[in-house]
Structures are given as C-alpha cells and as structure tokens.
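Written below as structure tokens is the structure these notes are about.
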Amino acid sequence: MTSLTDSGYRYTRLNDFPSSSTEFFADTLQKQQIILTDQDKDLEKVGDSVQRLKNMSSQIGTELEEQSIFLEC
C-alpha cells in the first residue's frame with residue numbers, strides 16, 4: 001500500500017508484502033532440521049559401532065584370560 005505522508009513523501013508498508021526474510025528463516029529452519037535428522041542417524045551408527053567394539057573388546061579380554069591360564073600351566 002502506497003501512501004502520502006504529511007510531508008509528501010511516499011512510503012510502502014512492509015507488512016503489505018510477503019516477507020522474503022520470513023521465507024528465508026523458514027527455509028533455514030527446514031535445512032537445520034534436515035541436518036539434525038542426518039546427525040541423529042549418524043550418531044546412531046556411531047553408537048552401534050561403539051557397542052560392537054565394546055563386545056569385541058570384552059571377547060578379546062575373555063580370550064586373553066583363557067590364554068593366560070594355559071600359559072601359566
């Protein structure tokens with residue numbers, strides 16, 4: 001909406017136009033949510049890998065204990 005003020009200058013109300021900054025923020029928020037979802041998936045994979053390593057190290061420890069018994073005999 002264009003109007004004349006008392007001084008004769010023309011101005012346009014910013015509220016009358018779709019805000020490109022609002023679209024930018026919405027787009028940025030959507031991208032951030034996608035990034036967070038991807039990070040969550042990656043962290044889950046890392047957690048699974050850590051769990052596997054924990055199990056393997058436990059098995060190695062058990063095997064070492066058994067081997068040390070044989071070496072002591």
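Each value in this text was obtained by applying a stated rule to the coordinates, not by laboratory testing. Because the structure is a prediction, the values reported are computed rather than measured.
For the range 35-42, take each phi angle, set θ = phi - 60°, evaluate the Karplus expression 6.51 cos²θ - 1.76 cosθ + 1.60, and give the result in whole Hz per residue in order, putting x for glycine and proline. Using θ = phi - 60°, the values come out as 4, 5, 4, 4, 5, 4, 5, 5 Hz. The lysines whose alpha-carbon is closer than 26 Å to the alpha-carbon of Lys54, local same-chain residues fewer than 8 away aside, are Lys41, Lys45.
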